[in-house]
Amino acid sequence: MRKLGNKGFTLIEIVIVIMLLGIIAIVAIPQFIDMRTEARDEATKAGVAALRSAVSILVGGVAVKENPNLSPRTYPSFLEVSGNALLAAAPANHAKMAGTAIMDKASGFPNNPWTTTNVIHDCDAKAKGALLGAPNNDDGWCYNETTGEFWANSDLSKGPTLENNF
């Protein structure tokens, strides 16, 4: 007759496995937390790049298709950007390109990953990187129609560079 042996783990084996899992968690969790910050920062850079590219492409189209005497603006106005379309009326006078979308209408403006909003704020009197005060602080994007610059209207990142300086 065969003798049945004890099956299972000893208490020592279980304690060692728990200790190893604890050590792995202590090392890995800070790395994952840091990756979330980096991911948001990179998504912010991508959003700013998409907005800036859209304005640059639009400026090129206006320079080629519109009459420079009737369209003196270099960059789209805040009204055009916030409405996501060029206007035929003053001050823009985009007779040929009126109604042209700045960003794809289906996807719209990208969200600021730090605020999860895609609101565009008029920051014409602000230098690049400046933030709006309450009630519009930490909300969406800033657009300066004089310079055509976009930046994140937030400073929530704890990375080496705050997202409003990308």
Which one of 155, 138 is at negative phi, surrounded by fewer than 20 Cβ atoms within 10 Å (Cβ to Cβ), without any contact (Cβ under 8 Å) to a residue 60 or more places away in the chain and not polar (S, T, N, Q)? 155
Take residue 98 and decide whether it is farther than 20 Å from residue 153 by Cβ, outside any helix (DSSP H, G or I) and touching a residue at least 12 places away in the same chain (Cβ under 8 Å). yes
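Okay, residues lined up against (1) farther than 21 Å from residue 59 by Cβ; (2) β-branched (Val, Ile, Thr); (3) touching a residue at least 24 places away in the same chain (Cβ under 8 Å):
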position: 78; (1), (2), (3): no, no, yes
position: 110; (1), (2), (3): no, no, yes
position: 132; (1), (2), (3): yes, no, no
position: 145; (1), (2), (3): no, no, yes
position: 164; (1), (2), (3): yes, no, yes
The residue from 115, 100 that alone is under 20 Å from residue 165 (Cβ atoms), β-branched (Val, Ile, Thr) and either within 16 Å of the chain's Cα centre (by Cα) or surrounded by 14 or more Cβ atoms within 10 Å (Cβ to Cβ) (or both) is 115
Could you list, in sequence order, the residues of region 132-154 that are assigned to a loop (DSSP other than H, G, I, E, B) and under 15 Å from residue 44 (Cα atoms)? 138, 139, 140, 153, 154
Within region 61-80, is even one residue under 22 Å from residue 45 (Cα atoms), crowded, with 18+ Cβ neighbours inside 10 Å and out of contact with any strand residue (DSSP E or B) (no Cβ under 6 Å at 6 or more places or on another chain)? yes
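Here, each number is a calculation from the coordinates, and none is a lab measurement. Small disclaimer: the values here were computed from a predicted structure and weren't measured. When we count neighbours, we look across all protein chains shown, and the Cβ atoms used for this are built from the backbone with ideal geometry, even at glycine.
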